[in-house]
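The values are calculated or read from the model by the stated rules, or taken from the named source; none is laboratory data. Quantities reported herein were computed from a predicted structural model and do not represent experimental measurements. FYI the Cβ positions are ideal-geometry reconstructions off the backbone, even for glycines, and counts take in every protein chain you see.
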Amino acid sequence: MTVDVAGDVSEWYDPFTQPQLDHPEPVWEQLRRDHPVFYSNLLGAWLVTRYEDAAAVLVDHQRFTSSSFARPFREPPQDVQAILSQVPAPHEMDMLTSDPPRHDRLRRFMRAAFTRRRVAAMEERIRSIADGLIDEMIDAGQGDFYQLFAYQLPLAVICDLIAVDAADGPQLNRWALHNVQLRWTNLEHDAHVEAAQGRVDFYRYGARLIEARRNSPGTDLLSAIVTESDASDDPLSEPELVGQFMTLITAGHETSANWLTMALYHLLVEPERWRTVVEDRSVRAVVVDETLRYTAPSQSVWRTAVEDVVVGEVTIPAGKRVGILIGCANRDESVFTCPADLDVHRANADDHLGFGKGIHYCVGAGLSRLEGLVALDRLAERMPSLRLAPGTELHFKPNAVLRVPVGLTVEW
């Protein structure tokens, strides 16, 4: 794969089109070497490519606000905005787009409900869900791993955690995709209208669910958030509570589904890797973090500079959008030895930035790791003959933040 990189980097960097969309790694390598911090005309933002600089921006919430996560990369046309105006805007709702002290207020209810004890108690249920999906797959001999397993496992887990009817799972998945598309992709008009209506329906579903939990709380995670919020001196508003629900659904399965798909591809593309996972159970926990490093489901995180800030040797002006290229930073040679290799024995695999860093570190990281480990365990034990279908390659949908694979055809 070759990319024409002659001329100004602000012009040729384009993660939305081929070959950079499917194969960004050679470009990332050149960016780290020659353009550690640069301006992209296409994205209208300054981009940070090296690990040290990326980590520094992620933890500096005082000089880099998270508000730009709320701003779409393409302003919606008037009729789309009219649909979206029926429900609160993202900046009124979720943690991703907030800064302290509001961020701390929102996060404490999620963190209190997402306890290590609650997550650990899910292991047997996750195993049961994974085995059930494998039961449905195993006689077919081939299929799309994303559709048959990768998206269904984390979605079923999060639906269990918040006590949502599993039959609603496919619709919740569509709404979550609409939510992601509205923020971080360029949509044609009809698709833009559909996504906007999906977001409205998603919000209204969440509002009804919040009211039901308030009237009849259970032992689920969402009931815990609603109950603790209502009992506090500073309860969350309805938009903030619905934002917690929408975040749980979207972040709770979308990134995990994409990662499971990409991880399996990279394990199977070199059969010896998969054989090691099958034969040596002790490497599987490392493989979870190593694949998160190697093929991070979140390729970038976005901030806005509050003041003029020097990053590396470049001054980023106040008010400018800043993109931290997580996927690129996770392959920084100064942190990871031979970063282009997927090393199932890597000692510092968990130093990756896939879950973020600082106050926005993913509150569901423990659950995501557990899902990944259980998935590897069950697939390795029950489907050791997994292999890529002939000619299978990994292709991606254009997205400014997430790596979204189109699918993955496997055989067994």
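Tabulated values for the structure
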quantity	calculated
Residue among Asp343, Asp332, Asp377, Asp351 that is surrounded by 14 or more Cβ atoms within 10 Å (Cβ to Cβ), within 18 Å of Leu153 (Cβ to Cβ) and at pLDDT 95 or above	Asp377
Every residue from region 211-239 that is in a helix (DSSP H, G or I), of a type outside the set (Gly, Ala, Ser) and buried (at least 21 other Cβ atoms within 10 Å of the Cβ)	Arg213, Leu221, Leu222, Ile225, Val226
Qualifying residues in region 39-52 (those that are out of contact with any helix residue (DSSP H, G or I) (no Cβ under 8 Å at 6 or more places or on another chain) and of a type outside the set (A, V, I, L, M, F, W, C)) - the one modelled with the highest pLDDT	Glu52
Of all residues in region 287-312 being under 12 Å from His352 (Cα atoms) and among the β-branched types (Val, Ile, Thr), the one that is nearest to the chain's Cα centre (by Cα)	Thr295
Lone qualifier among Ala285, Ala251, Ala305 - being out of contact with any Leu (no Cβ under 7 Å at 6 or more places or on another chain), small (Gly, Ala, Ser) and modelled with pLDDT of 95 or more	Ala305
Top-ranked residue in region 244-272 [being of a type outside the set (S, T, N, Q) and within 17 Å of Ala212 (Cβ to Cβ); ranked as surrounded by the fewest Cβ atoms within 10 Å (Cβ to Cβ)]	Met246
Hits in region 121-136 - residues which are without any contact (Cβ under 8 Å) to a residue 24 or more places away in the chain and either among the aliphatic types (A, V, I, L, M) or buried (at least 19 other Cβ atoms within 10 Å of the Cβ) (or both)	Ala121, Leu133
Residue check, Ser282 among the hydroxyl-bearing types (Ser, Thr, Tyr) and closer than 21 Å to Leu394 by Cβ	no
Some residue of region 25-38 being in contact (Cβ under 8 Å) with a residue 12 or more places away in the chain, under 30 Å from Pro101 (Cα atoms), touching a helix residue (DSSP H, G or I) at 6+ places or on another chain (Cβ under 8 Å) and crowded, with 18+ Cβ neighbours inside 10 Å	yes
Residue in region 63-79 that is more than 21 Å from the chain's Cα centre (by Cα), farther than 30 Å from Glu194 by Cα and at pLDDT 95 or above present	yes
From Ser40, Ser98, Ser66, residue being small (Gly, Ala, Ser) and farther than 15 Å from Ala305 by Cα	Ser40
Every pair of residues 6+ apart whose Cβ atoms lie under 7 Å, when the first sits in region 270-287 and is in contact (Cβ under 8 Å) with a residue 24 or more places away in the chain while the second is among the small types (Gly, Ala, Ser) and not in a helix (DSSP H, G or I)	none
Meets criteria (among the polar types (S, T, N, Q) and either at pLDDT below 95 or not in a helix (DSSP H, G or I) (or both)) for Gln181	yes
Long-range neighbours under 8 Å by Cβ, at least six apart or interchain, first residue without any contact (Cβ under 8 Å) to a residue 24 or more places away in the chain within region 83-94, second surrounded by fewer than 20 Cβ atoms within 10 Å (Cβ to Cβ)	Ala89/Ala70
Residue under evaluation Glu290, criteria (1) at pLDDT 95 or above; (2) closer than 29 Å to Phe149 by Cβ; (3) of a type outside the set (A, V, I, L, M); (4) surrounded by fewer than 23 Cβ atoms within 10 Å (Cβ to Cβ), criterion not met	(4)
Conditions (1) closer than 25 Å to Leu155 by Cα; (2) at pLDDT below 95; (3) buried (at least 18 other Cβ atoms within 10 Å of the Cβ): number failed by Cys362	(3)
